[in-house]
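One structure is given here, and the rest of the page talks about it.
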Amino acid sequence: MKTKKVTIHTLQQMKEQGEKITMLTAYDATFALLLDESQIDVLLIGDSLGMVVQGHATTLPVTLDEMIYHCRAVARGTRRAHIVGDMPFMSYQASIADAIDNAGRLIKEGGAHAVKLEGGAQHAELVQKLVAAGIPVMGHIGLTPQSVHQMGGFKIQGREDGAAEKLLEDALTLQAAGAYSIVLEGIPTSIAKTISEALAIPTIGIGAGPNCDGQVLVIYDMLGMNDGFKPRFVRTYEQLSTRIRTAVDSYSADVKSGAFPSEQESFFMDKASRPKTANATVSAIALAGGCGPGPLDAKDAKDAKDAKNPAGEDGAMYSSVDKD
Ligand code: KIV
């Protein structure tokens, strides 16, 4: 297993050596840890969290504070992967000074290693200034979800006359401004190929065909968590919605029938500390979850041990929690 941290230089080397880059979105520490262990190269805290986590119809309502909160959670779960935080809508469009402050917060408070922002040549000066401030910038062109109202919906871009040339020019301008990578979203394969070949920096595609230097998907989409959303560019590697429902139905049935929790999943009093008086015995019964001293006797030795060391650590209920 590779343990070396992935940096912007690693990604550049991967492009030069023809090794594809893997990127997935992550919004919390648990997913971050799993994806990091699976050797995913880049974790993107995408503002897609506005849709898949928060339940909005677009990414527009997501705030910078919310992005920082999710970045921090992802950063805590990440050991190796490169972490990119999305600049949310209106955190970089109004003024360059505000944009630099906001990008700085994603790095400083959120623990991101780089920021991603949507748009092409119009952001060249901002990209230059962010890079000069030591903040690596990933560009994002093509279908840019923050411009959903301008695009008239989440539509494939680049098919109109002159659009392919404009996309190429945007990509080259972002590269010249210092961007270290560019996401190409929702554009025809041929345009993505032309851009990927023209650029020295890596391109990461989503709905942009196989010729990009890497690929990204929204983790909830590739795990099949949303039955109602199956666009053509998404490959679902799991059907977690079904599996989650089945698991939850089983849990519910077990609780209703009393099958959960079992003795193995419950805690009992240590015999030595069990109160001896009649009143105290009643409290002990209550504390022991309804089991009196009698029925416990057969399990005394094991229970006393479990009470001291229920999950492998003295008195710890959650022994596997890695406290930071
Ligand atoms: O917000 C997001 O998840 C993204 C990816 C889809 C590229 O920008």
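Summary table
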item: Criterion (touching a residue at least 40 places away in the same chain (Cβ under 8 Å), within 16 Å of the ligand (Cβ to nearest atom) and not aromatic (F, W, Y)) met by exactly one of A121, A112, A177; result: A112
item: A94 being part of a loop (DSSP other than H, G, I, E, B), among the hydrophobic types (A, V, I, L, M, F, W, C), more than 20 Å from D221 (Cα to Cα) and over 14 Å from the mean Cα position of the chain (by Cα); result: yes
item: One residue from K4, K20 being within 25 Å of P145 (Cβ to Cβ), touching a residue at least 24 places away in the same chain (Cβ under 8 Å) and basic (K, R); result: K20
item: Pick from the stretch 1-36, criterion of a type in the set (D, E) and more than 13 Å from the chain's Cα centre (by Cα), ranking: farthest from the ligand (Cβ to nearest atom); result: E16
item: Members of the stretch 124-159 that are away from the ligand (no atom under 16 Å from the Cβ) and either outside any loop (DSSP other than H, G, I, E, B) or not assigned by TED's automatic domain parsing to the domain that holds D98 (or both); result: A124, E125, L126, V127, Q128, K129, L130, V131, A132, H149, Q150
item: Residue check for R243: among the basic types (K, R), part of a loop (DSSP other than H, G, I, E, B) and more than 16 Å from V52 (Cα to Cα); result: no
item: Condition broken by Q54, with the remaining ones in (1) within 16 Å of the ligand (Cβ to nearest atom); (2) surrounded by 17 or more Cβ atoms within 10 Å (Cβ to Cβ) satisfied; result: (2)
item: Check on S91, within 14 Å of the ligand (Cβ to nearest atom) and over 22 Å from T203 (Cα atoms); result: yes
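Residue by residue, here is whether (1) of a type in the set (D, E); (2) under 21 Å from I8 (Cα atoms); (3) free of Cβ contacts under 8 Å to residues at least 60 places away in the same chain holds:
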site: A32; (1), (2), (3): no, yes, yes
site: E37; (1), (2), (3): yes, yes, yes
site: L44; (1), (2), (3): no, yes, no
site: T58; (1), (2), (3): no, no, no
site: T63; (1), (2), (3): no, no, yes
site: R72; (1), (2), (3): no, yes, yes
site: M90; (1), (2), (3): no, no, yes
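Quick grid of which residues meet (1) farther than 16 Å from L174 by Cα; (2) of a type outside the set (K, R); (3) crowded, with 17+ Cβ neighbours inside 10 Å:
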| site | (1), (2), (3) |
| --- | --- |
| K116 | no, no, yes |
| G120 | no, yes, yes |
| G153 | yes, yes, no |
| Q157 | yes, yes, yes |
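The values are calculated or read from the model by the stated rules, or taken from the named source; none is laboratory data. Model, not experiment: these values are computed from the prediction. Every residue, glycine among them, receives a Cβ derived from its backbone with ideal geometry; neighbour counts consider all protein chains shown.
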